[in-house]
Amino acid sequence: MTWWEAVILGLVQGLTEFLPISSSAHLRIVGELLPGGSDPGAAFTAITQIGTEAAVILYFRRDFARIISRWFQALPVGPWKNRVPTTDPDARMGWYIILGSIPIVALGLLFQDAIEHALRNLYLTALVLALFALILGFADVRGAKTRPLESLTMKHAWLFGFAQALALIPGVSRSGGTITAGLLMGYTREAAARYSFLLAVPAVLGSGFYQLFKSGGTGGAAGFGPTALATVIAFVVGYVVIIAFLKIVSTYSYKPFVYYRLALAALVVVLLVVGVLQPLPTGG
């Protein structure tokens, strides 16, 4: 991977991570269209997501500090035990984030080989881009959009978690999956998006650092330098996107993202048919 390709892929990661359009699908597609002509790989994708999740931590730093502090103070053991009641909203949110993170961790470990190879088939990517576009569109139209995030329950935390786990398939979109689930359960657009941000941090950081450790700190096939550059760019761009996205979802519908996903799915199929893109990564 060249430095310029790293810059482009870092921009792609930062621009698409928080939108319901699948950053992993975009990295897979754009990577193959670049002069190098290869899939940047699951390791590169996971590691660059460390940058975008760092942007989430920075933007929601007060929320995370409050949630972590309250969660510890509500524990029945330890130096801070029972300083706040277990019914405290922030303490409960801490448990809900932990609970919602379990599905993606368990399924990610169980299907690791498929995630890194078979599930990166671009025909499958195109299919899920289109399918989940329709599901997102349905949820946005039919969802009640009345429940605030404060009304989150343990059952809904589980359902959010399983929806997030679907993003292990490139094309689904982690934010798209969780936001769609939230809308179907009656949450407001802003509440669904906000919980999507909070829920992603443990799983995505865990995946990113796992891949970094697995690659021996080299960043995988892309190399340490290009991967690090892409991660930094993803952090900066991602922070700006968070601000814009939260403003957009509080005012407008998800319809533009639905149309975009459908158009991208159609484009991918056309590029596959004419041979510009290959279904599986080189050597896959």
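The values are calculated or read from the model by the stated rules, or taken from the named source; none is laboratory data. The structure displayed is predicted, hence computed values, not measured ones. Cβ placement follows ideal geometry from the backbone for every residue including glycine, while neighbour counts extend to all protein chains displayed. Just the protein is used for accessible areas: all its heavy atoms, side chains included, with ligands, DNA and RNA removed. Shrake-Rupley method; radii C 1.70, N 1.55, O 1.52, S 1.80 Å.
Key figures
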{"quantity": "Vicinal HN-Hα couplings computed from phi for the stretch 51-58 (Karplus, 6.51 cos²θ - 1.76 cosθ + 1.60; Hz; Gly/Pro x)", "calculated": "x, 5, 6, 5, 5, 4, 4, 5"}
{"quantity": "Label-to-label distance, nm, for residues given as V84 and F72 (7 Å Cα→Cβ offset)", "calculated": "1.2 nm"}
{"quantity": "Net charge of Cβ neighbours under 14 Å - reference D140; Lys, Arg +1; Asp, Glu -1", "calculated": "+4"}
{"quantity": "Sequence ranges 171-182, 126-137, ranked by mean other-Cβ count within 10 angstrom, highest first", "calculated": "171-182, 126-137"}
{"quantity": "Residue-by-residue Karplus 3J(HN,Hα) for the stretch 227-239, coefficients 6.51, -1.76, 1.60, Hz, glycine and proline x", "calculated": "5, 5, 4, 4, 5, 5, 5, 4, 4, 5, 5, x, 4"}
{"quantity": "Overall dimensions of the chain as given by Cα atoms, namely Rg and Dmax in Å", "calculated": "18.7, 64"}
{"quantity": "Relative contact order, percent, the stretch 1-91 [alpha-carbon distance under 8 Å, six or more residues apart]", "calculated": "17 percent"}
{"quantity": "Euclidean distance of C-alpha centroids, the stretch 230-255 and the stretch 135-194, integer Å", "calculated": "17 Å"}
{"quantity": "Lysine pairs meeting the criterion (Cα under 20 Å, 8 or more apart or interchain), as found in the chain", "calculated": "4"}
{"quantity": "Extended-chain gain in nm, criterion 0.36 nm per residue less alpha-carbon gap, L280 and W4", "calculated": "97.0 nm"}
{"quantity": "Net length gained if the chain between L127 and V270 were fully extended (0.36 nm per residue, minus Cα distance)", "calculated": "50.2 nm"}
{"quantity": "Accessible surface of the stretch 65-186 [probe 1.4 Å, protein heavy atoms]: carbon and sulfur percent", "calculated": "71 percent"}
{"quantity": "Surface per residue (accessible, 1.4 Å probe) for the chain, Å²", "calculated": "45 Å²"}
{"quantity": "Assigned charges on the beta-carbon of Lys, Arg, Asp, Glu; the stretch 146-284 dipole about Cα centre (debye)", "calculated": "200 debye"}
{"quantity": "Cα-Cα separations in the stretch 1-123 greater than 19 Å, expressed as whole percent", "calculated": "61 percent"}
{"quantity": "Principal-axis tilt of helix 154-165 within the chain, Cα atoms, nearest 10 degrees", "calculated": "10 degrees"}
{"quantity": "Relative contact order, percent, the chain [alpha-carbon distance under 8 Å, six or more residues apart]", "calculated": "35 percent"}
{"quantity": "Two-decimal Rg to Rh for the stretch 204-284 - Kirkwood Rh, Cα set", "calculated": "1.08"}
{"quantity": "For a label point 7 Å along the Cα-to-beta-carbon line of W158, residues of the stretch 184-202 with backbone N under 17 Å", "calculated": "185"}
